[in-house]
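The values are calculated or read from the model by the stated rules, or taken from the named source; none is laboratory data. For clarity, every value in this text was computed on a predicted model and none was experimentally measured. Here Cβ is always computed from backbone atoms with ideal geometry, including for glycine, and neighbour counts include all displayed protein chains.
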Amino acid sequence: MKMRHISAFKQFLTVTYFELYRHLVRKRVYIMTIILALVIVLPTTVKILLNVPNPEDPKEFIPGELGFIDILIILGATFFAGDSIVSEYEKRTGYVLFPNPVKREIIYFGKIVASLIITTIFILVYYVSAFIKTIYYYNTLPYEAWVSLGYALLYTLAVIGFAYLISSIFKGTLSATLVTFFMLFMIFPIFSNILSLSAIEPWFILTYTADIITLVFNPPAERVVKMEVSGFTFYIFYPDFTTSVLVMLAYAIVTILISLLWFKFKELKE
Amino acid sequence: MIFLDNVWKRFGRIYAVQGVSLEVNEGEVFGYLGPNGAGKTTTIRIISTLLKPDEGYVEVGGISALEMPEKVREIIGVLPENVNLYENLTGEENLLFFAKVFNLPKSVAEERIREYLEFFGLENRKNDLVGKYSKGMKKRLALARAMLHNPRVLLLDEPTSGLSPEVALEVENLIKRLSERENITIFLSTHNLDLAERLCDRIGIIINGKLVLVEETRKVETFTSEVIIKIRQKARNYENILEKWSYQIVENHIILKVVNYGEEVPKIIKDLVQNGAEILEVYPKRETLWDVYMRVIRGG
């Protein structure tokens, strides 16, 4: 029997294209657009209404404009990655998709690339808005802005990898989405704060590393600040850039690898 | 075309499939019958490469499903019991996605999609979101999807379950038309015995994971050792006439178990008539697929 040659690359493009299209027709994209519009417009509007002057240095201006970047990335991962894998099992679309001559790896990479593209679009719009405002007010754009964008994209990759890990392991779309959100938005930061109070730098916590996205504009002179209040000693840690980049990379590689293997061998049993 | 040899599959402590061996010929419509939880769906998932058996060998179209699952997937079309296509895509977009997964050239994909949308009566609803389709329409769309790449084997898991009688009949007719139009091998799991009787060349009955019967559908309906005598007027002392045989009387029917039909039945008829019985009809009792199925699942 003559077999048709099926190109893996074309299949990857097909899965990516349709995943992206499916993201674009979901209500979540509208919610994310509204949130993005709010975080772009509101701070500027409030500053204008309250007549708050802009700082003299653009490097002090941009971090304020990018103040919601980590939240946007977490929301992007929650909305566009949190249920990507688990929905094939819970909504049983996998019964139709998996018996096709397309490898699970191709489905996985098609999905994750689509999640990255759609989240990156929102991140880029946010950055472009901050860049435009900076150029408008200062006629210049510090090169750290591009470094910050690079960190933001790397953080996006790590966070989406983490969301895919949750999505591969969990059985329900709602639980996977909620766990992704609360882990990134609450559990990691709380854990990070507890460690800081115990004088342990939480360098290995993913959300802690996100601080480098805005710290790059004004790196702190000291990475550890010791404070004494009412007899209690507190520590404030600032992440190291190299360590944070390596931690983000490690999160991205490890979570993507584990979730890929989990997805590859996960059987449809229901 | 489909070959299973001593296939076993266990989920935890439960054996879903126990040593199933089966061969389905090219162009054949094979009905896989059994009660709920018997192992029908698991067998279909093993053939469609969704599940790996714990033991045994599976081949589809001469290709090992264990060694080359992707190659097997190229020649099969699968209709799962619960049809779940992408609800936020239109019917046409769903078909286009799967056509592209198969790398069908654009012109071929468009032609096939148009052809199958028409064949399955979905042409007018092709631009509607699948989430707005009725169950029957989703089933028809899923059948169209399963047929898009001209598979040589079609695996249908409960194709009419959950459908209203008229939609079930519609789907049944579509399967019949498909089997007549294309020389396609159809492996059909169902507990709708009438459907199996009408559609299938052969049937297999699976119970508790074990395949207990494989037979040609036309041979399943066999004469039994019983004869039915329909009477208008009972004979005098009919108890004495019939005492040698095991019998029961249900309304105006005498159901009699005989050993030698040709010798015993004429004698009984003669005795009954001589004793005043008015006989309307005499015929051997046939065992239907339903009788066979019930006998088999009750352990007969």
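Quick notes
- Filter result for the condition that a residue is assigned to a helix (DSSP H, G or I) and within 24 Å of A:Thr255 (Cα to Cα), over A:Ile112, A:Ile135: A:Ile112
- Scanning the range A:46-90 for residues that are under 15 Å from A:Val128 (Cα atoms) and not in a helix (DSSP H, G or I) yields a total of 3.
- Test for A:Leu249: is it hydrophobic (A, V, I, L, M, F, W, C), within 14 Å of chain B (Cβ to nearest Cβ) and touching a residue at least 60 places away in the same chain (Cβ under 8 Å): no
- Whenever a residue of the range B:234-249 is farther than 17 Å from B:Glu281 by Cβ and loosely packed, with under 13 Cβ neighbours inside 10 Å, its partners that are modelled with pLDDT under 80 and basic (Lys, Arg), lying with C-beta atoms within less than 7 angstrom and at least six residues away or across chains, give the pairs B:Ser246/B:Lys257.
- Within the range B:169-228, the set of residues being of a type in the set (Lys, Arg) and under 22 Å from B:Lys135 (Cα atoms) comprises B:Lys176, B:Arg177.
- Of the residues making up the range B:277-297, those that are of a type in the set (Lys, Arg) and either within 29 Å of B:Tyr238 (Cα to Cα) or touching a helix residue (DSSP H, G or I) at 6+ places or on another chain (Cβ under 9 Å) (or both) are B:Lys285, B:Arg286.
- Selection status of A:Ile253, surrounded by fewer than 19 Cβ atoms within 10 Å (Cβ to Cβ) and in a strand (DSSP E or B): no
- Residue check for A:Ile31: in contact (Cβ under 8 Å) with a residue 24 or more places away in the chain, among the β-branched types (Val, Ile, Thr) and outside any helix (DSSP H, G or I): no
- Here the range B:25-50 is the region considered, the condition is being surrounded by 22 or more Cβ atoms within 10 Å (Cβ to Cβ) and more than 13 Å from B:Leu155 (Cα to Cα), and the residue that is farthest from the other protein chains (Cβ to nearest Cβ) is B:Leu33.
- Scanning the range B:11-44 for residues that are among the basic types (Lys, Arg) and under 18 Å from B:Leu79 (Cβ atoms) yields a single hit, B:Lys40.
- Comparison of A:Leu149, A:Leu184, A:Leu153, A:Leu141 shows that the only residue that is under 24 Å from A:Leu261 (Cβ atoms), in contact with a helix residue (DSSP H, G or I) (Cβ under 8 Å, 6 or more places away or on another chain) and surrounded by 14 or more Cβ atoms within 10 Å (Cβ to Cβ) is A:Leu184.
- Answer from B:Leu95, B:Leu66, B:Leu79 - the residue that is within 16 Å of A:Asn100 (Cα to Cα), under 28 Å from the mean Cα position of the chain (by Cα), more than 13 Å from chain A (Cβ to nearest Cβ) and at pLDDT 90 or above: B:Leu66
- A count restricted to the range A:95-140 and to residues that are closer than 25 Å to A:Leu157 by Cα and not β-branched (Val, Ile, Thr) stands at 17.
- B:Glu74 at pLDDT below 95, over 21 Å from the mean Cα position of the chain (by Cα) and acidic (Asp, Glu): yes
- Leading residue by the ranking (nearest to the other protein chains (Cβ to nearest Cβ)) among those in the range B:11-24 that are in a strand (DSSP E or B), out of contact with any strand residue (DSSP E or B) (no Cβ under 6 Å at 6 or more places or on another chain) and surrounded by fewer than 15 Cβ atoms within 10 Å (Cβ to Cβ): B:Phe11
- Residue in the range A:50-73 that is free of Cβ contacts under 8 Å to residues at least 60 places away in the same chain and among the charged types (D, E, K, R) present: yes
- Restricting the range B:51-63 to residues that are over 21 Å from the mean Cα position of the chain (by Cα) and either under 12 Å from B:Val17 (Cα atoms) or among the aliphatic types (A, V, I, L, M) (or both) leaves a set whose member that is surrounded by the most Cβ atoms within 10 Å (Cβ to Cβ) is B:Pro53.
- Being touching a Lys or Arg at 6+ places or on another chain (Cβ under 7 Å), surrounded by fewer than 16 Cβ atoms within 10 Å (Cβ to Cβ) and part of a loop (DSSP other than H, G, I, E, B) is not true of B:Gly299.
- Residue satisfying all of: in the range B:253-292; at pLDDT 80 or above and of a type in the set (S, T, N, Q); surrounded by the fewest Cβ atoms within 10 Å (Cβ to Cβ) among these: B:Gln274
- Subset of the range A:81-101 that is closer than 13 Å to A:Ser167 by Cβ and of a type in the set (S, T, N, Q) - its residue that is farthest from the other protein chains (Cβ to nearest Cβ): A:Ser84
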